[in-house]
């Protein structure tokens, strides 16, 4: 029997796996660190803002002008300063690097950093613990951070497990880069998978994927959109475009699940935001450990004049 599982990563404080890397990176900084700066479309920005607040140091994030409205809002809520402008994540990363040099702050790359890799490799280790008969893992690919982290952790322990990477066809730098054995920038068109719209692979990530990735396929935006709808209908989870490419590869047949054992499609999900809900909520782990369950704050009791609270 062929079994395919989807593994959302929305139950962390910032809604993605990126928090692991950000916390790992900040743990390496000494007590004299003046601040941190990064370029990101949103998930790395939120993770670094949260980690910096926990550490008690200032954080500035450079984000594209077209970043989804919810992401700068979330970054701001975690106390970071936002510099919004530029057309791509790559441009924001370059601006952040310059900003860090000028201020004397620590620049934190969203994926091409060894400490980030070490922190996020825990995703792969969890898969090995949770799925004893793991046979195939399908992972979204942008800059290559998540895919290389997962591949490194899994292949070192279980080299027989197959790893497939899935970038969006609208911005797929890895096919040519893996073929030529060097980072090759590509031009990008607007894509629903904005979180992985990276024009140039990271040097570190490219080296790891050259060694550990088994296959790479691309998916179109229409298929990604269909894959975003599926978890919303079935589990009331809203997958962002960047995290739905792995599911898109499965449902279109671009990637076949393993004939034996479990195939896992890793995706990034958010809670269903189509319903009105109170602004202040704390996410908690659901019964299965993979979903964020929102708890609304308790409303104060209302009293009628001369009557009991209701």
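The values are calculated or read from the model by the stated rules, or taken from the named source; none is laboratory data. For clarity, every value in this text was computed on a predicted model and none was experimentally measured. Every residue, glycine as well, gets a Cβ built from its backbone with ideal geometry; the counts of neighbours run over all protein chains shown.
When region 197-239 is examined, which residues are found to be at pLDDT 90 or above, more than 24 Å from residue 180 (Cα to Cα) and either in contact with a helix residue (DSSP H, G or I) (Cβ under 8 Å, 6 or more places away or on another chain) or crowded, with 17+ Cβ neighbours inside 10 Å (or both)?
Listed by number, the residues that qualify are 221, 223, 224, 225, 226, 227, 228.
Among the residues of region 141-174 satisfying the criterion of being in a helix (DSSP H, G or I) and in contact with a strand residue (DSSP E or B) (Cβ under 8 Å, 6 or more places away or on another chain), which is nearest to residue 220 (Cα to Cα)?
Going through the qualifying residues, I end up with 169.
Out of 68, 73, 77, 96, which single residue is buried (at least 16 other Cβ atoms within 10 Å of the Cβ) and either within 15 Å of the chain's Cα centre (by Cα) or over 23 Å from residue 32 (Cα atoms) (or both)?
68
Residue 60 passes all but one of (1) assigned to a loop (DSSP other than H, G, I, E, B); (2) buried (at least 17 other Cβ atoms within 10 Å of the Cβ); which number fails?
Tallying (1) assigned to a loop (DSSP other than H, G, I, E, B); (2) buried (at least 17 other Cβ atoms within 10 Å of the Cβ), residue 60 fails exactly one: (1).
Kindly provide the set of residues from region 19-54 that are at pLDDT below 90 and either closer than 24 Å to residue 126 by Cβ or not in a loop (DSSP other than H, G, I, E, B) (or both), ordered by number.
Hits for region 19-54 are 42, 43.
Yes or no: residue 242 within 24 Å of residue 92 (Cα to Cα), buried (at least 23 other Cβ atoms within 10 Å of the Cβ) and under 16 Å from the mean Cα position of the chain (by Cα)?
The answer is yes for residue 242.
Mind listing whichever residues of region 96-138 are without any contact (Cβ under 8 Å) to a residue 60 or more places away in the chain and in contact with a helix residue (DSSP H, G or I) (Cβ under 7 Å, 6 or more places away or on another chain)?
121, 124, 125, 128 - these are the residues of region 96-138 that are without any contact (Cβ under 8 Å) to a residue 60 or more places away in the chain and in contact with a helix residue (DSSP H, G or I) (Cβ under 7 Å, 6 or more places away or on another chain).
With respect to residue 279, determine if the residue is out of contact with any strand residue (DSSP E or B) (no Cβ under 9 Å at 6 or more places or on another chain), surrounded by fewer than 14 Cβ atoms within 10 Å (Cβ to Cβ), modelled with pLDDT under 85 and more than 21 Å from residue 173 (Cβ to Cβ).
yes
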